[in-house]
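Heads up: the structure comes next, in structure tokens.
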């Protein structure tokens with residue numbers, strides 16, 4: 001098979017699966033590790049994909065949107081990296097902390113994995129997360145109010161006003177994308193004031209970003225990346241991307257892959 005044909009097949013795999021690993025390329029095309037890595041580097045240089053630590057993901061356009069099913073009740077697929085990031089975030093919570101959790105997939109996983117041995121107060125603008133947490137005897141929940149959107153969350157002026165009256169030890173936030181140059185970004189501008197009010201009220205700002213959200217830009221910038229105190233990501237994030245965040249003074253935490261299997265090939 002000519003290299004051009006192999007590259008077309010790699011892009012086809014990427015389109016069908018949403019990601020491709022170096023190991024998969026090796027097995028499918030009977031090529032060595034270095035050849036598989038070189039294929040991905042060439043395709044990235046052409047702007048056809050973005051490499052990750054262990055393979056590649058598709059290039060997102062600016063208007064790329066996240067799935068609508070993002071509540072705890074609707075998640076049908078538990079991605080290992082999202083769950084690992086959530087558990088790493090939960091491990092940072094201390095007794096008597098007051099924290100904010102964003103209403104996103106990784107936030108749902110945080111709510112589901114809250115520890116029983118410490119007493120904490122959780123602030124959220126999501127009725128779904130509040131419902132998940134309200135039955136836990138060691139957790140006190142403050143629900144931010146306002147006009148609710150279709151996902152059961154409030155981020156309007158009423159919610160912003162409530163946030164400004166509160167203070168958090170830690171806030172756990174995420175967004176559609178993050179890059180060193182454009183910062184945290186989303187598709188709609190309505191939530192910008194809410195995001196910044198949350199961060200203004202928090203001592204420590206922790207960003208929860210799977211590798212597939214890093215290095216991309218959505219339409220509207222929320223804030224510079226350096227507003228984050230800490231960025232938690234997963235094992236697929238590229239060192240070059242993470243180095244740019246470290247240079248801005250952001251602590252990088254890599255969540256471990258609990259389901260990883262050592263490939264002896």
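The table that follows gives values for the structure above.
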| read-out | value |
| --- | --- |
| Segment residue 219-residue 48, length gained on full extension (0.36 nm per residue, minus Cα span) | 59.5 nm |
| Between helix 80-90 and the chain: long-axis angle, C-alpha atoms, 0 to 90°, nearest 10 | 30 |
| Alpha-carbon Rg/Rh ratio, for the range 3-57, with Rh computed the Kirkwood way | 0.90 |
| Relative contact order [Cα under 8 Å, 6+ residues apart], the chain, whole percent | 16 |
| Computed lengthening from residue 9 to residue 95, 0.36 nm per intervening residue step minus Cα-Cα distance | 25.8 nm |
| Mean separation of Cα contacts under 8 Å (6+ apart) over length of the range 3-57, as relative contact order % | 36 |
| Volume per residue of the C-alpha convex hull in the range 147-240, rounded to whole Å³ | 99 |
| The range 80-254 - convex hull of the alpha-carbon atoms, volume per residue in Å³ | 100 |
| Candidates 228, 48, 238: whichever shows maximal mean-square fluctuation once the chain is modelled as a Gaussian network with Cα springs under 10 Å | 48 |
| Principal-axis tilt of helix 33-45 within the chain, Cα atoms, nearest 10 degrees | 70 |
| Percentage relative contact order, the range 110-265, counting C-alpha pairs under 8 Å, at least six apart | 17 |
| Exposure proxy ranking, count of Cβ atoms within 10 Å, fewest first, for 12, 88 | 12, 88 |
| Between 0 and 90°, nearest 10: helix 3-17 axis offset from the chain longest Cα axis | 30 |
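Every read-out reported here was derived from the displayed coordinates using simple, explicitly stated rules and does not represent laboratory data. Everything numeric in this text was worked out from a predicted model, so none of it was measured. Virtual Cβ from ideal backbone geometry, glycine too; neighbours counted across all protein chains shown.
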